[in-house]
1. Within the range 117-143, how many residues are in contact (Cβ under 8 Å) with a residue 40 or more places away in the chain and surrounded by fewer than 16 Cβ atoms within 10 Å (Cβ to Cβ)?
2. Among the residues of the range 153-166, which ones are more than 16 Å from ligand 1 (Cβ to nearest atom) and not in a loop (DSSP other than H, G, I, E, B)?
3. Counting only residues that are free of Cβ contacts under 8 Å to residues at least 24 places away in the same chain and more than 11 Å from ligand 1 (Cβ to nearest atom), how many does the range 41-71 have?
4. So residue 168 ticks every box in (1) assigned by TED's automatic domain parsing to the domain that holds residue 51; (2) loosely packed, with under 13 Cβ neighbours inside 10 Å but one. Which box is left unticked?
5. Mind checking whether some residue in the range 95-116 is in a helix (DSSP H, G or I), more than 7 Å from ligand 1 (Cβ to nearest atom) and farther than 20 Å from residue 143 by Cα?
6. Scan the range 72-93 and report the pairs whose first residue is outside the structural domain of residue 140 (by TED's automatic domain parsing) and whose second residue is aliphatic (A, V, I, L, M), with Cβ atoms within less than 6 Å and a gap of 6+ or a chain change.
7. Considering only residues that are without any contact (Cβ under 8 Å) to a residue 60 or more places away in the chain and either surrounded by fewer than 20 Cβ atoms within 10 Å (Cβ to Cβ) or touching a Pro at 6+ places or on another chain (Cβ under 8 Å) (or both), which ones fall in the range 171-192?
8. What number of residues in the range 132-147 are outside any loop (DSSP other than H, G, I, E, B) and more than 11 Å from ligand 1 (Cβ to nearest atom)?
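The values are calculated or read from the model by the stated rules, or taken from the named source; none is laboratory data. Keep in mind that what you see is a predicted model, and the values were worked out from it rather than measured. Please note: Cβ atoms are built from the backbone with ideal geometry, for glycine as well, and neighbour counts cover all protein chains shown.
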Amino acid sequence: MKLHQSVVLAVLVIVLFPLTAASQQPTHSMLGNTCAGCHGTRGQSADPMPIIAGQPEEYLTRTMKSYRSGQRPSTIMGRLARGYSDDEIDAMASFFASQNWMSPKQEFDAALAAVGRKIHYEQCETCHANGGRHASGGTPRIAGQWRKYLEVIMQEYWRVDRKMPHLFMSVIMSRLHSNDLKALAHFYASQR
Ligand code: HEC
Ligand code: HEC
């Protein structure tokens, strides 16, 4: 399924089953369930939705809040995030951060992955340490993320007309060639 098709499908699911999470004191996992249609019950999303299980709490909170404020461009998350209070976002972030990341098995091109590996160790390893497995503070894990999502999100940072809130990542990405983005995505997809 293409990204936009999956999104349309999932939106239908949401419209047909409106969120009732606004009841008193929802537990962390109850809140997490409202995300399951796209991100799986524990954040282990199906391709091409980004895996969020085990991402750092700080990263998850900040990302959700910047979707909500419209600072971070998105196809769907902005509209969704607007339905949640700060406390609910914090609770969901803590729930997903406490789940285990599991890299899915996915196809990749070995030659492209080798090109991507070289770029990674030259330009990305300082922050995305351990081959992109590092996940801490504001830095998300990227090794083993779905390749299609990585390609899309790297394009977002790369494109000057899409103002991603993280200045540094945008500066770093803008120095690369669009072919490099593809190679990097194959490299991260090859990592477990
Ligand atoms: C209808 C499908 C759908 C639902 C439901 C959904 N998401 Fe998302 N999520 C996406 C898509 C698609 C993206 C990529 C950004 C975009 O295009 O909106 C994303 C991106 C994210 C990201 C950023 C991941 C990254 O590393 O870049 C986070 C965090 C996130 N979602 C959290 C949540 C939470 C928490 C919920 C439950 C309140 C939720 N999502 C519900 C589809 C969904
Ligand atoms: C100075 C530290 C730093 C460097 C160097 C860096 N990144 Fe990042 N990267 C980050 C941070 C912080 C984020 C989260 C940004 C945000 O909140 O939008 C991020 C986000 C990402 C994401 C989005 C992940 C997601 O789940 O949405 C990808 C993909 C990525 N970086 C790839 C790269 C690649 C490829 C390079 C090298 C060309 C690189 N980064 C270099 C710090 C860095």
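1. 3
2. Passing the criteria: none in range.
3. 3
4. The one condition residue 168 does not meet is (1).
5. Yes, that holds for at least one residue.
6. From residues that are outside the structural domain of residue 140 (by TED's automatic domain parsing), the pairs are 75/7; 76/7; 81/64; 88/31; 89/64; 91/31; 92/31; 93/60.
7. Within the range 171-192, 171, 172, 174, 175, 176, 177, 178, 179 meet the criteria.
8. Within the range 132-147, residues that are outside any loop (DSSP other than H, G, I, E, B) and more than 11 Å from ligand 1 (Cβ to nearest atom) number 3.
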